[in-house]
Amino acid sequence: MTGRPLKSTRLSVSLEDSDHKSLSEIAARNDASLSWVIRKAIRAYVESYKQSEFQETKK
């Protein structure tokens with residue numbers, strides 16, 4: 001697992017039950033917290049978005 005950033009912001013999010021269950025299972029399989037899994041998923045999404053945005057600007 002990667003280290004936590006020096007400064008973070010708390011956020012409250014509502015999830016569908018099925019998403020919460022899936023994320024909890026991923027956390028358990030990786031011996032990680034649910035928060036860690038969600039942060040990792042958000043980082044992956046943001047990086048993917050940035051890459052697709054970058055590709056759009058190259059066109």
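Read-outs: derived from the displayed coordinates by stated rules, not from any lab. Remember, it's a predicted structure, so these values are computed and weren't measured experimentally. Cβ sites come from the backbone with ideal geometry, for glycine too, and all protein chains shown count toward neighbours.
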So the angle from the long Cα axis of helix 17-29 to the longest Cα principal axis of the chain, reported in degrees to the nearest 10, equals 80
Rounded to 10°, Cα long-axis angle of helix 34-58 versus longest principal axis of the chain: 10
Pop a pseudo-label 7 angstrom from the Cα along the beta-carbon direction at both Asp19 and Thr57 and give the gap in nm to one decimal. 2.8
One finds, for Arg43 and Leu6 with R0 = 25 angstrom and r their Cβ-Cβ distance, a FRET efficiency to the nearest 0.05 of 0.95
Between (i) 41, 30, 23; (ii) 57, 29, 16; (iii) 46, 34, 19, the structure-derived Cα extents along the principal axes in Å is (i)
How much length is gained if the chain between Asp31 and Lys50 is pulled fully straight, taking 0.36 nm per residue apart and subtracting their Cα-Cα distance, in nm to one decimal? 3.9 nm
Using a Gaussian network model of the chain with C-alpha springs under 10 Å, which one of Val46, Val13, Val37 is most mobile by mean-square fluctuation? Val13
